[in-house]
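Right, one structure below, let's go through it.
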Amino acid sequence: MAGTTVAVRCPVCGADLRVSLAAQPPTQWFPCPQCHSPVPVVVPRDPPPLYSWEVLQGLYPPLTRPRVPKWRARRAVAAALIVVTVLAAGLAAVLVYEGYDASRPSSFTVDGTVDHQVGGIPQPLDGAKVVLTNDGNHASEVFTVLDGTFAFSNVPPGGVTLNVTAAGFAPLTVTTFVSVVYLTQATGLQIVLSPGGPDNSSTVALAPFPDLEQFLASVGSGAVLLGIIALVAGFAAVATFRDDRPAIGVVGGAAGLVAPLVLFYLSLSAVFPLLEGLSAILAAAGSFTLALRAIQLAQTGPAPDFD
């Protein structure tokens, strides 16, 4: 670039002048031969400068590089992931205990009344046949007495099916569930028969689980999935403490967010309302982590380096 000659015009008086530029510095000053005003001349380059601080490099003070306060966000994310890990592990342990407790031998009582509508008013139905079938496919039957009541004792834990029939009325099947852990309506049942025949039979389900085996399978599946969530969130928490990796935080937060969905899908949220409330806290911590890390990931990329 040495020896390059360019023609410029003085911005003060408009006089033309030709100057010979050196390679450096990028901006050089020459006196106007007519008004003697200093005229700045920029060494030509390709591509040309876009900003004034590129043309006049010594005129603007250098700015410090902006630094993202990553450690504060990092600690908040790590704390949220620890919450997800502890709650998920705790919920898994509770489900394991509840499953063990539900499988222990125990006995229950199932009773209620059988009525029929007379002028829109329920009236006791005497002589209705009520057949109870338990998980072991053992059936026992009783007939309602004058006041329409019936009762079964020493019912083992698990699903209970009641088949109620009476002459001139449509059969009705009622399914419920009894256990130490989860007990749906089993005493004080109010069963109302409608006029009809065998072709008009109907079924009323009072519990989402037909038997003890399916209940234990749902509880076990929930415990395993929550355990996996705890492992993922725990790994993400350790990785966040060691290094600032937003992508790992996104995975850990997403794992915590799905915990309530797991309990709902397995029909456990209605069985254990307390677990549902704790899973909501777990999901809130996961959502916080997911949102914070997703924003940081979108702004800085998967592996930011601010040092």
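Going through (1) buried (at least 18 other Cβ atoms within 10 Å of the Cβ); (2) among the hydroxyl-bearing types (Ser, Thr, Tyr); (3) at pLDDT below 85 one by one, residue 60 falls short only on (1). Out of all the residues in region 232-242, which are closer than 19 Å to residue 91 by Cα and free of Cβ contacts under 8 Å to residues at least 60 places away in the same chain? Correct list: 232, 235. Of all residues in region 221-244, those being surrounded by 24 or more Cβ atoms within 10 Å (Cβ to Cβ), over 12 Å from residue 256 (Cβ atoms) and at pLDDT 90 or above number 1.
Highlighted here are the strands (runs of 3 or more DSSP E) found entirely within region 104-157 that include at least 1 residues which are touching a residue at least 60 places away in the same chain (Cβ under 8 Å) and small (Gly, Ala, Ser): 108-118. Comparison of 144, 149, 176, 165 shows that the only residue that is surrounded by 13 or more Cβ atoms within 10 Å (Cβ to Cβ), among the polar types (S, T, N, Q) and under 30 Å from residue 263 (Cβ atoms) is 176.
Kindly indicate whether any position in region 300-307 is of a type in the set (Asp, Glu) and in the same structural domain as residue 78 (by TED's automatic domain parsing).
Step one: list which residues in region 300-307 are of a type in the set (Asp, Glu), which gives 305, 307.
Add one more test, that the residue is in the same structural domain as residue 78 (by TED's automatic domain parsing), and what stays is none.
No, region 300-307 contains no residue that is of a type in the set (Asp, Glu) and in the same structural domain as residue 78 (by TED's automatic domain parsing).
Of all residues in region 243-259, those that are in contact (Cβ under 8 Å) with a residue 40 or more places away in the chain have Cβ atoms under 7 Å from Cβ atoms of residues that are of a type in the set (D, E, K, R), 6 or more apart or on another chain, in 244/70; 244/74; 246/293; 249/293; 250/293; 253/293.
Only a single criterion out of (1) in contact with a Gly (Cβ under 7 Å, 6 or more places away or on another chain); (2) surrounded by 20 or more Cβ atoms within 10 Å (Cβ to Cβ) is not satisfied by residue 186, namely (1).
The values are calculated or read from the model by the stated rules, or taken from the named source; none is laboratory data. Computed from a predicted model, the values in this text were never measured in an experiment. Cβ sites come from the backbone with ideal geometry, for glycine too, and all protein chains shown count toward neighbours.
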